[in-house]
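Readers should treat all values here as calculations from the given coordinates under stated rules, not as data from a laboratory. Just so it is clear, the structure is predicted and the values come from calculations on it, not from any experiment. Every residue, glycine among them, receives a Cβ derived from its backbone with ideal geometry; neighbour counts consider all protein chains shown.
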Amino acid sequence: MRPLDGIRVVDLSQNLAGPFCTQILADLGADVIKVEPPGGDPARDWAPPQWGGDGTMFLSVNRGKRSITLDLKRDDARAVLDALVARADIFVESFRRGTAERLGCGPEALRARHPALIYCSVRAYGADGPLADLPGYDALAQAHGGLISVTGQPDAPARVGTSVVDYGTGTWAALAILAALRERDRTGQGNHVVAALYETAISYNAYHLMGYFADGTVPERHGTGFPAIAPYGAFAAADGELMIAGANDALFQKLCRALGLDDVARDPRWQSNQQRVAEKSALRAAIERVTRQLPVATLEARLRAAGVPCAAIRSIDQVASEPQTSAGGLLHATPRDDAPELRGPLPPLRWDGARAAADRPPPHAGQHTREILEELGLTYGIPGEPGEERAS
């Protein structure tokens with residue numbers, strides 16, 4: 001599956017959200033040229049952990065790209081960028097508002113010269129509003145957008161343990177770009193699309209916001225639980241914890257039968273979901289009288305056999321060795337000279353049973369500078385150290 005074969009992307013984004021967007025496009029077949037400042041994308045230094053010369057956060061979102069380093073404060077480097085854009089379909093940047101304009105590559109300037117160009121801006125807070133000029137990171141968006149207020153234990157707020165807002169914003173940006181490509185097919189005109197970390201966080205809080213609008217309810221933190229369903233959450237086992245989702249009356253009865261809790265199944269306090277939610281602390285205690293006596297593996301096997309949705313809380317090393325993780329080619333190897341075992345997950349999608357996959361490993365900073373300049377018919381500028389070439 002390479003539906004974007006023949007599409008060229010000029011990628012000036014850094015850190016996580018924008019690069020994740022362009023990695024999706026690369027996996028779908030686009031030729032993504034990553035334009036880095038001298039010294040490279042700062043995310044290369046986000047370590048440990050590190051694999052080869054780069055941090056794994058950088059490696060996780062830059063598969064399939066070619067890299068050129070340009071100092072865009074220099075006029076000759078801007079001329080190289082303009083030559084790249086002239087041959088591009090998509091331009092992606094993640095600067096603070098106004099920075100692209102100062103560098104001569106703002107949306108109005110580029111689209112005036114290249115009306116079919118799809119220009120994508122990845123922002124912290126959005127295209128407008130009182131905070132539009134502020135920088136931002138995933139954790140700040142989680143805080144400002146309310147995610148941290150509903151995550152963690154009642155007395156211990158927590159950031160979601162992966163950069164969910166960055167990854168989500170990158171996904172929304174890629175979706176918007178694909179829609180803009182479809183519109184360009186119809187009209188011949190490009191578009192300026194904007195994706196923002198804060199707005200992604202807001203979208204992830206949709207049902208919390210709707211609940212507040214409905215009756216003024218301000219949601220609280222419930223750990224692994226869910227305020228509208230019981231039993232639902234992590235239950236203690238003899239050697240760990242198991243997530244159990246008894247999300248309706250039939251599943252609750254199956255759970256009770258599987259655990260030998262006939263008295264719990266008959267108890268008048270717990271005959272409907274709303275009753276179970278109202279008495280969920282007592283219900284948890286009754287269920288954990290049994291679950292605490294059994295190993296996680298035994299509980300998981302028993303409940304799955306009974307048709308009760310459940311999942312052991314697995315650590316990352318366990319996830320890595322879990323057969324389901326590697327099933328269907330989800331993990332993909334892209335060996336690099338300094339990381340011969342480099343591999344990571346592909347987009348979680350299939351088309352007629354096949355996955356989209358870019359075979360080019362994440363590039364070294366400036367690795368393809370000479371190659372890209374030759375394609376543009378430009379004279380190679382000032383070489384640096386291997387893997388750190390730059391154009392002028």
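Given points 7 Å out from each Cα along the Cα-Cβ axis, report the GLU220 to ASP71 separation in nanometres with one decimal.
For the pair GLU220/ASP71, the computed spacing is 5.8 nm.
Total Lys pairs in the chain closer than 28 Å by alpha-carbon, pairs eight or more apart in sequence or interchain only?
Summing the qualifying lysine pairs gives 4.
Can you work out the FRET efficiency for the pair ALA311 and GLU374, with r the C-beta to C-beta distance and R0 = 45 Å, to the nearest 0.05?
For R0 = 45 Å, the calculated efficiency reads 0.30.
Helix-only mean residue ellipticity at 222 nm, the chain, DSSP H runs n ≥ 4 weighted -39,500 (n - 2.57), per residue, nearest 500. What is it?
Mean residue ellipticity, 222 nm, calculated: -10500 deg cm²/dmol.
Once the piece of chain linking ASN248 and GLU341 is laid out straight, how much longer is it, given 0.36 nm per residue of separation minus the C-alpha distance between them?
Gain on extension, ASN248 to GLU341, equals 29.0 nm.
Compute the long axis of helix 296-305 from its Cα atoms, compare it with the longest principal axis of the Cα atoms of the chain, and write down the angle in degrees, 0 to 90, nearest 10.
The answer is roughly 80 degrees.
Once you have the Kirkwood Rh of the stretch 1-140 from its Cα pairs, apply Stokes-Einstein at 37 °C and 0.692 mPa s and quote D in µm²/s.
Answer from the Stokes-Einstein relation: 210 µm²/s.
Exposed loop sites here are chymotrypsin sites (Phe, Trp or Tyr not before Pro) in DSSP loop states with at most 16 other C-beta atoms within 10 Å. What is the longest stretch of the chain lacking them?
138-379
If you line up the long axis of helix 206-215 against the longest principal axis of the chain, both from Cα atoms, how many degrees apart are they, to the nearest 10?
The answer is roughly 60 degrees.
Nearest 0.05, what FRET efficiency do ALA228 and ARG182 give at R0 = 41 Å with Cβ-Cβ as r?
Once the sixth-power term is evaluated, E becomes 0.65.
Let me know the charge dipole size of the stretch 232-313 about its Cα centre in debye, to the nearest 20, where only the beta-carbon of Lys, Arg (+1) and Asp, Glu (-1) is charged.
100
Which far-off residues, 5 or more places away or on another chain, put their amide H under 5 Å from the one on HIS332, with H placed in the peptide plane?
GLY344, LEU346
Say each of GLU322 and LEU209 gets a label point 7 Å from the Cα, pointing the same way as Cα to Cβ; how far apart are those two points in nm?
Once both label points are built, they end up 3.0 nm from each other.
With a bin width of 10 angstrom, please list the P(r) values of the chain as percents of all Cα-Cα pairs, from the 0 bin to the one holding the largest distance.
Computed distribution, short to long bins: 5, 19, 25, 22, 15, 9, 4, 1, 0.
At 7 Å along Cα-to-Cβ for each site, give me the label-to-label distance between LEU331 and LEU131 in nm.
3.8
Just report the Cα centroid separation between the stretch 269-300 and the stretch 237-255, whole Å.
Using only Cα atoms to place each centre, the spacing works out to 7 Å.
Would you mind telling me which residue in GLY40, GLY366, GLY246 has the biggest mean-square fluctuation in a Gaussian network model of the chain, where springs connect alpha carbons within a distance under 10 angstrom?
GLY246
List residues of the stretch 79-96, by number, whose backbone nitrogen lies under 16 Å from a label position 7 Å along Cα→C-beta of ARG360.
84-85, 87-92
May I ask for the distance between the Cα centers of the stretch 77-97 and the stretch 30-74, given as a whole number of Å?
16
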